[in-house]
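This report concerns only the one structure given below.
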Amino acid sequence: MGIMTRLEGVPDADDALPGMAYFAGTGPYGKTCGECKFRGLIRESSKGIWNENLQQIVHKSYRTTQCAMFKKLAGCHGSPVKKDYRACKYFDEREKKRAPGSRAPSEGA
C-alpha cells in the first residue's frame, strides 16, 4: 500500500497491475479478467514461412493472455494478464461457449 491515506472507492497504486487497461477491482464485483472478452489478444509470429501454393509469406497466429483493451488505449502490447486478477472498469463478459449440438435459449421449442 502507498504512503497516503487509503480512501474507500478510490484506486490505489497497489491496484495498478501491469498489462491491465485500468485499476484492478474497479469492474463488477466478483468478476475476474479470466471472464473478460478483452483478455486474449491474437498476434502474428514475426517469422513468416513461404507458402508455394499461395505464393506469399504466411505468418502463424497465436492467442496471448494480453489485454486487448490495453492495446487499444495505450497503442502498444502490455504484459500478460493473469486470469485471477480482479476485473477493471472496461470489463465486458465473454460469451459462454455452448456444447456442440446444443441450442441457444432463444431456439427453444
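A few notes on this one:
- Any hit, segment 38-47, residues being in a loop (DSSP other than H, G, I, E, B) and at pLDDT 90 or above: yes
- Residue, nearest to the chain's Cα centre (by Cα), within segment 11-67, restricted to residues that are farther than 19 Å from residue 93 by Cβ and charged (D, E, K, R): 43
- Taken residue by residue, segment 59-68 has at least one member that is touching a Gly at 6+ places or on another chain (Cβ under 9 Å) and among the hydroxyl-bearing types (Ser, Thr, Tyr).
- For residue 86, the requirement of being surrounded by 12 or more Cβ atoms within 10 Å (Cβ to Cβ) and of a type in the set (Lys, Arg) is met.
- Residues considered: 83, 89, 60. Of these, the only one that is without any contact (Cβ under 8 Å) to a residue 24 or more places away in the chain, not aromatic (Phe, Trp, Tyr) and not in a helix (DSSP H, G or I) is 60.
- Hits in segment 1-22 - residues which are at pLDDT below 90, surrounded by 13 or more Cβ atoms within 10 Å (Cβ to Cβ) and hydrophobic (A, V, I, L, M, F, W, C): 17
The values are calculated or read from the model by the stated rules, or taken from the named source; none is laboratory data. Just so you know, these numbers come straight off a predicted model, no measurement behind them. Note: ideal-geometry Cβ built from the backbone for every residue, glycine included; neighbour counts use all protein chains shown.
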